[in-house]
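**Student:** This is the structure I want to talk about, given as structure tokens.
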Amino acid sequence: MASGQSRQGRVILTPFLTVDAIIELRGGIVLIERKNPPPGWALPGGYVEYGESVEKAVVREAREETGLRIRLEEQFHVYSDPRRDTRRHNVAVVFIATASGAPKGGDDARNARCFAQQEIPFDDLAFDHSRILRDYLAYRKSGDRPKTGG
């Protein structure tokens, strides 16, 4: 956990800030196959570095893990359930982005691939990325954003 100290001298634990990218590419979504635990497919993303904006972090992480230069379209939603990552409490700011080219796994990604909607491996997604992608697909269909509380 990230920590700091209050004025009363107590240690305060805070969640880590992360970003994820839903990258729209040729009618599909780019996912990475993770090199490190937990295993599975995931949205490209990672930790925001100190002094870095969430926008710069998601562009950097997408480039490192997929080789793609993304264009941010919109901030989609914030996911903050303390159980969303079994390793620690992470809060994710999720962006929708577009790109062109062919994804190629790099950095923490064993592989990167574009999945058509009907091919998305929902049962093999790490973290809460199945929920995020279901929310995204519902948003694309109806225009309704996910409810808060997640």
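The values are calculated or read from the model by the stated rules, or taken from the named source; none is laboratory data. No experiment lies behind these values; they were computed from the predicted model shown. Cβ placement follows ideal geometry from the backbone for every residue including glycine, while neighbour counts extend to all protein chains displayed. Calculation scope for accessible area: heavy atoms of the full protein, side chains included, ligands and nucleic acids excluded. Shrake-Rupley method; radii C 1.70, N 1.55, O 1.52, S 1.80 Å.
**Student:** Taking the condition closer than 16 Å to ALA21 by Cα, open to solvent by 30 Å² or more (accessible area, probe 1.4 Å) and under 14 Å from the mean Cα position of the chain (by Cα), does ASP108 pass?
**Tutor:** Details: closer than 16 Å to ALA21 by Cα: yes; open to solvent by 30 Å² or more (accessible area, probe 1.4 Å): yes; under 14 Å from the mean Cα position of the chain (by Cα): yes.
Taking the combined requirement at face value, the residue satisfies it.
**Student:** Further question on the same structure: Just name the residue that is farthest from ALA112 (Cα to Cα) out of those in segment 36-49 that are out of contact with any helix residue (DSSP H, G or I) (no Cβ under 9 Å at 6 or more places or on another chain) and open to solvent by 50 Å² or more (accessible area, probe 1.4 Å). Quick ask: steps written out before the conclusion?
**Tutor:** Applying the first criterion (out of contact with any helix residue (DSSP H, G or I) (no Cβ under 9 Å at 6 or more places or on another chain)) to segment 36-49 yields 36-38.
Right, trim to open to solvent by 50 Å² or more (accessible area, probe 1.4 Å) and you get 36-37.
Working: ASN36: 14, PRO37: 16 Å.
Checking each candidate, the answer is PRO37.
**Student:** Going by the conditions given, is GLN118 open to solvent by 30 Å² or more (accessible area, probe 1.4 Å), without any contact (Cβ under 8 Å) to a residue 24 or more places away in the chain and closer than 12 Å to ILE22 by Cα? Step through it out loud before you land on a result.
**Tutor:** Numbers: open to solvent by 30 Å² or more (accessible area, probe 1.4 Å): yes; without any contact (Cβ under 8 Å) to a residue 24 or more places away in the chain: yes; closer than 12 Å to ILE22 by Cα: no.
Answer is no for this residue.
**Student:** Go over the candidates GLU74, GLU52 one by one and state the one that is more than 17 Å from GLU24 (Cβ to Cβ), open to solvent by less than 80 Å² (accessible area, probe 1.4 Å), at pLDDT 95 or above and of a type in the set (D, E, K, R).
**Tutor:** Numbers: GLU74 fails: more than 17 Å from GLU24 (Cβ to Cβ).
Within the list GLU74, GLU52, the selection yields GLU52.
**Student:** Pairs, please: C-beta under 7 Å, at least 6 apart or cross-chain, first residue within 16 Å of VAL78 (Cα to Cα) and in segment 37-59, second open to solvent by 80 Å² or more (accessible area, probe 1.4 Å)?
**Tutor:** As it stands, the answer is ALA57/GLU49, since those pairs meet every condition given.
**Student:** Output the residues belonging to segment 138-150 that are modelled with pLDDT of 95 or more and surrounded by 14 or more Cβ atoms within 10 Å (Cβ to Cβ).
**Tutor:** TYR139
**Student:** Can you tell me how many residues within segment 78-100 are open to solvent by 10 Å² or more (accessible area, probe 1.4 Å) and closer than 18 Å to VAL30 by Cβ?
**Tutor:** 4
**Student:** From the list ASP128, ASP123, which residue is among the charged types (D, E, K, R) and open to solvent by less than 90 Å² (accessible area, probe 1.4 Å)? Reasoning before the result, please.
**Tutor:** Values: ASP123 fails: open to solvent by less than 90 Å² (accessible area, probe 1.4 Å).
None of the other options fit; the residue is ASP128.
**Student:** Evaluate the following for ASP124: is it in contact (Cβ under 8 Å) with a residue 40 or more places away in the chain, farther than 25 Å from THR148 by Cβ and either of a type outside the set (A, V, I, L, M, F, W, C) or out of contact with any strand residue (DSSP E or B) (no Cβ under 7 Å at 6 or more places or on another chain) (or both)?
**Tutor:** Judged against the criteria, ASP124 is a match.
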